[in-house]
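Colleague: Before we start, here is the structure in question, set down as structure tokens.
The values are calculated or read from the model by the stated rules, or taken from the named source; none is laboratory data. Because the structure is a prediction, the values reported are computed rather than measured. Every residue, glycine as well, gets a Cβ built from its backbone with ideal geometry; the counts of neighbours run over all protein chains shown. These area figures cover heavy atoms from the full protein model, side chains too; ligands, DNA and RNA do not enter into them. Shrake-Rupley method; radii C 1.70, N 1.55, O 1.52, S 1.80 Å.
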Amino acid sequence: MTGKRVLYQEPQATFFHDVMTNLFTDKITKAATYYNLHPSNSELMSWGNNAPKIKDLLQLSGVTDTYVTFEYLVPYNMKRIDCIL
């Protein structure tokens, strides 16, 4: 994960698999630990609740070839962008 500024970034198919098999929250939590971030319980719940909604919206949109990025760490500060496609 060296050099990356995101907590989660995967191709759409992998993201769908991670959400459907309940791996998404574990992966993003491990990445947060790597960056010495300590997500609160409410943030963990938010990630777990929002990922399936993003998956559903992508399926409805007909988009088939994209990357899904969660928690992009903005350079030079500790702010994060929630989700980027």
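Colleague: Taking interchain pairs and intrachain pairs at least six residues apart, which have beta carbon atoms under 8 angstrom, with the first residue in the stretch 44-72 and without any contact (Cβ under 8 Å) to a residue 60 or more places away in the chain and the second open to solvent by 60 Å² or more (accessible area, probe 1.4 Å)?
Modeller: N50/D82; K55/M20; L58/L85; V63/L85; T66/L85; Y67/Q9; Y67/L85
Colleague: Shifting gears a bit: Say we look at the stretch 9-30 and pick out the residues that are among the acidic types (D, E) and assigned to a helix (DSSP H, G or I); which of these is surrounded by the most Cβ atoms within 10 Å (Cβ to Cβ)?
Modeller: D18
Colleague: Which residues, counting only those in the stretch 31-85, are open to solvent by 70 Å² or more (accessible area, probe 1.4 Å), of a type outside the set (F, W, Y), over 16 Å from V19 (Cβ atoms) and assigned to a helix (DSSP H, G or I)?
Modeller: Passing the criteria: T33, N41, S42.
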